[in-house]
Amino acid sequence: MCGIVGYIGSKSAKPILLDGLKKLEYRGYDSAGIAIFENDGIQLEKKKGKIAVLEEALKGKDWKGTVGISHTRWATHGKPSSINAHPHTDCKEKIAIVHNGIIENYLQIKNRLIEKGHNFITETDSEVLAHLIEEEYHGDLSEAVRSALTKVEGTYGIVVMHSDHPNLIITARKGSPVVIGIGEGENFVASDVTPLISHTKNVVYLDDEEIAEISADKYRIFTIGKEERNHEVSKIDWGIEDAEKKHYDHFMQKEIFEEGDAVYNAMRGRVIPEEGIAHLGGLNMTDDEMRAVKRIVIIACGTAHYAGRVGEYMIERYANIPVEVEYASEFRYRDPVIDEGTIVFAISQSGETADTLAAMQEAKRRGAKTLGIVNSVGSTIARESDGGTYIHAGPEIGVASTKAFSGQLTALAILALQFGRLRDMSVSTGRKLVKELIDIPEKIENILTQNDFIRKLSEKYSIYEDFFFLGRGINYPIALEGALKLKEISYIHAEAYPMAELKHGPIALIDDKFPCVVVVPKDDYYEKNISNIQEIKARDGRIIAIATEGDKEISKIVDDVIYIPPTMDLLLPLLTIVPLHLFAYHMAVKLGRDVDKPRNLAKSVTVE
Ligand code: F6R
């Protein structure tokens, strides 16, 4: 989705802004633009397409200005075009703004401003902000922005500059993240921390309905009601190297190879092997409060939702607490029943997904305790929940979520252990679970050594246009995740079903052109799964199996097998997912797709 970078200091702003925009490329965008104070006025360039196109257009422009704002746009209102790209300006081109979010009442505002003589040149909702600030401006930029924002409905992360105020940029947020990077004699503003880490690790996250006045050497934050705020400065705990590709061809590849680390990092310091217990500190709940929990609702979208579905099995089995997993986008518009004893977990890599955030806010409004399982430190879901846990997977840059999924599964396993040991789980089961969990990163490394084999397999299957992914029990959500990964980055049609559902209809599609990927480790359901595989075979279906090392029988039935090491049934998803992530990755590479930035997708979906 859209990205923002702003700079105010003593260095040339242009390279800083362009570099920052490149760091935001992973979010997905269709056009980019930049505005810089230069020669007493605002100079502007914006282009449809990649940042490289904008860079090309800027080549002849020797701008040395030290203050500027920039943006990558992901079209919502108005098609992707150079004219619709941000920054947008007012009638006199004295004000420039960049905006993330959606102004819902923009048409009313636009019509009113047109009546007053304002001249609009784009199809966007965002342009109204520039004209509205122009209308409200009487010499005080901060006040003009504040006053304009009281008139808009919707969401915004906004940065504004005005040619009468060359030493000031104004930023504000409501529902769309804004973070201020604090440097020495320079300050930054961005929509997430990725463009900031090469400059500073000290950041301040704005809360909703806050406005900040930023100059080179100071910043002040106010509420929209004009009350001054003093926010704590947070330290970013990862470095620039974590957001680089290193020797990998793609971020997604690197992140799959970090899945073992993701498990380790989500578990580190949270389990006690001798006692077979776990402790997720941030839940802010006493043991008695945890024992009193009667129902858990998990809300999430996409891959995070599938992690929740795995968590459902883990928590119900180990902690004996009923769990419901909902798509956040559905939950928020239902009439969800939240009774005493229900707690709600929101799972989100970015911590900014609009549907998950809104669902969490709805749960909170209905009196639920809300807890986050989040990767991005300081993100909105992390800050607005009543507590929760970070998975510490580090920055995930590839649009397709991989290592965050492994971190989410680990956090859920720990949660199941923590709740379980406060109830009926025996110390020996607890110890066994911790021991197996500790061994998982090494087992993931073992699976990753099959990278070349999985690449060749993907290449062999790249001629097919449709796939089924099938799994049973806790590995059914893994089939869902495997299918999602394949479709989103390789654009191949893939559907997932619970193994036994196939014969209730979908089996009609099976022939030698419709392969099935079956997740059939040696677990409690193995024999039943084999019967289902035979049904596929009987209809000439081609089959790739994810199976447990040592299972020789399976290789006689299916066409190809990827082996994983054994582990406890409820931890199998931490292993079975890794070959499926690699399979999707190599398939997309083989088909020449833009793996890290698949078409039509954005890393963080901050609109409904
Ligand atoms: C799939 C993918 C998406 C996200 C979903 C939720 O690979 O990346 O399905 O999982 O948009 O995003 P977060 O976890 O940031 O809330």
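Could you tell me whether any residue of the stretch 82-90 is surrounded by fewer than 16 Cβ atoms within 10 Å (Cβ to Cβ) and without any contact (Cβ under 8 Å) to a residue 24 or more places away in the chain?
No, the conditions are met nowhere in the stretch 82-90.
Out of the residues in the stretch 331-355 meeting the condition of being within 20 Å of Ala404 (Cβ to Cβ) and touching a Lys or Arg at 6+ places or on another chain (Cβ under 9 Å), tell me which one is farthest from the ligand (Cβ to nearest atom).
Val344
Can you run down the residue pairs with Cβ atoms below 6 Å, 6 or more apart or on separate chains, where the first is in the stretch 408-427 and aliphatic (A, V, I, L, M) and the partner is open to solvent by 30 Å² or more (accessible area, probe 1.4 Å)?
Pairs found: Ile414/Arg270; Ala416/Tyr318; Leu422/Asp287; Leu422/Arg291; Met425/Tyr318.
What's the number of the condition Arg270 fails, among (1) touching a helix residue (DSSP H, G or I) at 6+ places or on another chain (Cβ under 6 Å); (2) of a type in the set (D, E, K, R); (3) without any contact (Cβ under 8 Å) to a residue 12 or more places away in the chain?
Result: Arg270 passes all but (3).
Being more than 21 Å from Leu570 (Cα to Cα), more than 16 Å from the ligand (Cβ to nearest atom) and modelled with pLDDT of 95 or more: is that true of Lys294 here?
The answer is yes for Lys294.
For the stretch 496-545, give me each residue that is of a type in the set (Gly, Ala, Ser) and in contact with a strand residue (DSSP E or B) (Cβ under 7 Å, 6 or more places away or on another chain).
Listed by number, the residues that qualify are Ala496, Gly541, Ala545.
Within the stretch 315-335, is there a residue that is over 25 Å from Val578 (Cα atoms), under 22 Å from the mean Cα position of the chain (by Cα), open to solvent by less than 50 Å² (accessible area, probe 1.4 Å) and of a type in the set (Lys, Arg)?
Looking through the stretch 315-335, at least one residue is over 25 Å from Val578 (Cα atoms), under 22 Å from the mean Cα position of the chain (by Cα), open to solvent by less than 50 Å² (accessible area, probe 1.4 Å) and of a type in the set (Lys, Arg).
Among the residues in the stretch 113-125, are any part of a loop (DSSP other than H, G, I, E, B), over 18 Å from Lys47 (Cβ atoms) and among the polar types (S, T, N, Q)?
yes
The values are calculated or read from the model by the stated rules, or taken from the named source; none is laboratory data. Owing to the predicted nature of the structure, the values given are computational and were not obtained by experimental measurement. So basically every Cβ, Gly included, is an ideal-geometry build from the backbone, and we count neighbours across all protein chains shown. All accessible areas refer to the heavy atoms of the entire protein, side chains included, with ligands and DNA or RNA removed. Shrake-Rupley method; radii C 1.70, N 1.55, O 1.52, S 1.80 Å.
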